[in-house]
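What follows draws every value from the coordinates through simple rules; no lab data is involved. What you see is a predicted model, and the numbers here were worked out from it, not measured in a lab. Neighbour counts are summed over all protein chains in view; Cβ atoms, including those assigned to glycine, are modelled from backbone coordinates with ideal geometry.
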Amino acid sequence: MNGAPVATPFPALTPAQRLHIEIYGYVIIENLLSEDEVNRLKDRLYDIEDRFRRSGEMPGPNCWNSSTADHFFRIDNLPHLAPCFFDYLTHPRIVGMAEEIIGGPARLQQSDAHIRRPIPEEDRRYGFHRGINPAYNHTQNGLYHFSFIKVLTNLTDLGPDDGGTTVIAGTHKLQTDVAQEEIVAAALEDPSMIHQVEAPAGSTLLFYESLIHAAGIIKSDKDRLLILGGYMPTMFQAWMGYDPDPDFAATVSDEHRSLLTGESKFNWPRKRRDLGDPRSQE
């Protein structure tokens with residue numbers, strides 16, 4: 001886990017994938033993780049929940065539960081809690097995709113893993129939201145870059161009834177001058193604007209945090225498990241208590257420590273590509 005990191009690819013998205021996220025605010029990368037990687041993550045997440053529900057035991061220091069409801073268990077601040085979590089959050093393709101969208105070197109700003117279960121039909125509703133103002137963007141070579149990108153991987157197969165993340169496509173560029181409740185109401189009038197992830201386990205949703213999105217509604221009898229990382233430029237401060245565990249950060253490589261802490265925040269080098277000719281233009 002603490003060995004030398006593998007170089008991150010740049011660019012990490014094909015021209016078609018880059019165009020998709022440009023237009024819709026998200027793109028799905030199918031089968032990014034192997035079956036073994038998915039199973040290790042699932043087993044660790046179920047184990048954390050089981051230990052907590054039996055004894056209140058937390059999996060380590062500097063972590064917390066955003067939810068412990070029967071239908072929604074969430075553990076936050078993951079890198080030091082298990083090798084499989086660290087390997088996911090530092091996965092070269094994941095970091096490469098994040099850096100391509102933010103436009104330069106990234107730091108990990110957020111990490112959490114969820115177990116969601118069906119709820120009674122009368123309680124089912126979308127909780128549409130966005131996490132950051134769309135104003136935090138810039139354009140290079142005609143392509144849109146944004147300062148907060150989420151990388152969410154489903155650990156269970158997602159069919160139409162399995163509650164995949166649901167987004168209002170294209171809302172990542174709509175400024176806050178337009179009220180969010182008005183955007184949501186308008187989209188609900190035209191279901192073609194509301195896209196829900198359907199993909200096999202191990203597939204990854206890459207999306208701008210300015211995109212209006214929600215947890216999907218589970219209509220089947222299946223658990224939905226996921227893990228996600230949020231990435232920002234290195235000069236941003238840790239967000240909402242997601243500071244890395246200092247003892248753990250001292251054990252990893254310089255490159256991984258920079259990803260966790262953002263310590264290499266000065267002289268931030270831009271990463272640029274063209275859509276049709278995606279070769280790096282650093």
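I'd like the FRET efficiency for Glu189 and Ser67, computed as 1/(1 + (r/R0)^6) with the beta carbon distance as r and R0 of 22 Å, rounded to 0.05.
Values: r = 31 Å, r/R0 = 1.40.
Working from the Cβ atoms, E equals 0.10.
From the helices alone, meaning DSSP H stretches of at least four residues, give me the mean residue ellipticity at 222 nm for the chain, per-run term -39500 (n - 2.57), in deg cm²/dmol to the nearest 500.
Mean residue ellipticity, 222 nm, calculated: -7500 deg cm²/dmol.
Calculate the FRET efficiency for Arg125 and Arg270 from the Cβ-Cβ distance with a Förster distance of 35 Å, rounded to the nearest 0.05.
0.25
GluC sites (Glu not before Pro), restricted to region 1-96: which are DSSP loop and have at most 15 other Cβ atoms within 10 Å?
Of the GluC sites (Glu not before Pro), the ones in loops of region 1-96 whose Cβ has at most 15 other Cβ atoms within 10 Å are Glu30, Glu57.
Can you pull the semi-axes for region 23-261, root of five times each eigenvalue of the Cα gyration tensor, sorted largest first, whole Å?
Sorted largest first and rounded, they come to 26, 24, 16 Å.
For Lys271, which aspartates and glutamates qualify as cross-link partners when the Cα separation must be under 13 Å and same-chain residues fewer than eight apart are set aside?
Glu99, Glu100, Glu282
Relative to the Cα centre, what is the charge dipole magnitude of region 18-109, using +1 at the beta carbon of each Lys and Arg, -1 at the beta carbon of each Asp and Glu, and rounding to the nearest 20 debye?
Working: 10 positive and 15 negative charges, 48 e Å.
Using only the charged Cβ atoms, the result is roughly 220 debye.
Find the relative contact order for the chain and round it to a whole percent, using C-alpha pairs within less than 8 Å whose residues are 6+ positions apart.
Values: 572 pairs, mean separation 82.7, N = 282.
After rounding, I find 29 percent.
Taking 21 Å as the cut-off for C-alpha to C-alpha distance, list the pairs among Lys42/Lys222; Lys173/Lys265; Lys150/Lys219 that go past it.
Values: Lys42/Lys222 14 Å; Lys173/Lys265 26 Å; Lys150/Lys219 25 Å.
Where the Cα-Cα span goes over 21 Å, the pairs concerned are Lys173/Lys265; Lys150/Lys219.
Between Ala16, Asn154, Trp64, whose Cα lies farthest towards the positive end of the dipole of the chain when Lys and Arg beta carbons carry +1 and Asp and Glu beta carbons carry -1, centred on the Cα centre?
Sorting the options by dipole projection puts first Ala16.
Please work out how much length the chain gains when fully extended from Thr176 to Thr139, using 0.36 nm per residue of separation minus the C-alpha to C-alpha distance, in nm with one decimal.
Full extension from Thr176 to Thr139 adds 11.4 nm.
Quick one: in region 1-76, what % of C-alpha pairs are over 19 Å apart?
Here the long-distance tail beyond 19 Å is 61 percent of all Cα pairs in region 1-76.
Could you pull out which residues in region 200-235 have an amide N less than 19 Å from a spot 7 Å beyond the Cα of Asp87, following the Cα-Cβ vector?
201-204, 226-229
Please go through region 190-272 and write out the trypsin sites (Lys or Arg not before Pro) that DSSP classes as loop and that have at most 15 other C-beta atoms within 10 Å.
Lys219, Lys265, Arg270
Compute, for region 23-261, the length of the dipole vector about the Cα centre, with Cβ point charges of +1 (Lys, Arg) and -1 (Asp, Glu) only. Units Debye, rounded to 20.
Computed about the Cα centre, the dipole is about 240 debye.
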